[in-house]
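*Asks:* This is the structure I want to talk about, given as structure tokens.
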Amino acid sequence: VKSRMFMFEDIVGLDGRSVQQVLRQVDTSELALALKGVSAQVKNKITGNLSERAAENLLEEVELLGAVRLAQVEEAQQSVIRTIRQLEEQGQITVRRGNDDEFVI
């Protein structure tokens, strides 16, 4: 079951192209809410796949949110995860889970 789960922090495991596709589908204000309280590694993965200006705007929006209810943050994160799952089901991105890094030639 755990290998099928995708947590918001697992975004760091996506390749850059996949992250960019996800970001095109997600509303900026929802993304800012989802980024409240996440690790620097997750923020860096997301902002590293945006233009410099878009990254600055996103981080500024996160700061401007101030204190936010945890339930709101979790709902925004779940929305991003739903987008990731939809893109995966459509074959547009590949999500590596657990031991999925084994290849057969």
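*Asks:* If I ask for residues that are in contact with a Ser or Thr (Cβ under 8 Å, 6 or more places away or on another chain) and among the small types (Gly, Ala, Ser), which ones from the range 71-98 would you list?
*Replies:* Of everything in the range 71-98, just one residue is in contact with a Ser or Thr (Cβ under 8 Å, 6 or more places away or on another chain) and among the small types (Gly, Ala, Ser), namely GLY98.
*Asks:* Please count how many residues of the range 1-33 are among the acidic types (Asp, Glu), closer than 20 Å to VAL73 by Cβ and part of a loop (DSSP other than H, G, I, E, B).
*Replies:* So the first thing to find is which residues in the range 1-33 are among the acidic types (Asp, Glu), and the list is 9-10, 15, 27, 30.
Then drop every residue that is not closer than 20 Å to VAL73 by Cβ, which leaves 9-10, 27, 30.
Now narrow it down to the ones that are part of a loop (DSSP other than H, G, I, E, B): 27.
Number of matching residues: 1.
*Asks:* Give just the number: which of (1) of a type outside the set (A, V, I, L, M, F, W, C); (2) in a helix (DSSP H, G or I); (3) closer than 24 Å to GLN72 by Cβ does LYS36 not satisfy?
*Replies:* Answer for LYS36: the failing condition is (2).
*Asks:* Identify the residue in the range 61-97 that is modelled with pLDDT under 90 and open to solvent by 70 Å² or more (accessible area, probe 1.4 Å) and, among all such residues, is nearest to GLN21 (Cα to Cα).
*Replies:* Restricting to residues being modelled with pLDDT under 90 and open to solvent by 70 Å² or more (accessible area, probe 1.4 Å), the top hit is THR94.
*Asks:* Among the residues in the range 31-52, are any touching a Ser or Thr at 6+ places or on another chain (Cβ under 6 Å) and open to solvent by 70 Å² or more (accessible area, probe 1.4 Å)?
*Replies:* no
*Asks:* Here's something else I'd like to know. Within the range 42-80, how many residues turn out to be over 11 Å from the mean Cα position of the chain (by Cα) and in a helix (DSSP H, G or I)?
*Replies:* Residues flagged as over 11 Å from the mean Cα position of the chain (by Cα) and in a helix (DSSP H, G or I) within the range 42-80 amount to 19.
*Asks:* Could you please tell me which pairs satisfy a Cβ distance under 7 Å, a separation of 6+ or placement on different chains, a first residue in the range 72-87 that is in contact (Cβ under 8 Å) with a residue 12 or more places away in the chain and of a type in the set (Gly, Ala, Ser), and a second residue that is buried (at least 18 other Cβ atoms within 10 Å of the Cβ) and in a helix (DSSP H, G or I)?
*Replies:* Correct list of pairs: ALA76/LEU33; ALA76/ALA34.
The values are calculated or read from the model by the stated rules, or taken from the named source; none is laboratory data. Because the structure is a prediction, the values reported are computed rather than measured. With ideal geometry, Cβ positions are generated from the backbone for all residues, glycine too; neighbour counts draw on all protein chains shown. Keep in mind that these areas ignore ligands, DNA and RNA; they rest on the heavy atoms of the full protein, side chains included. Shrake-Rupley method; radii C 1.70, N 1.55, O 1.52, S 1.80 Å.
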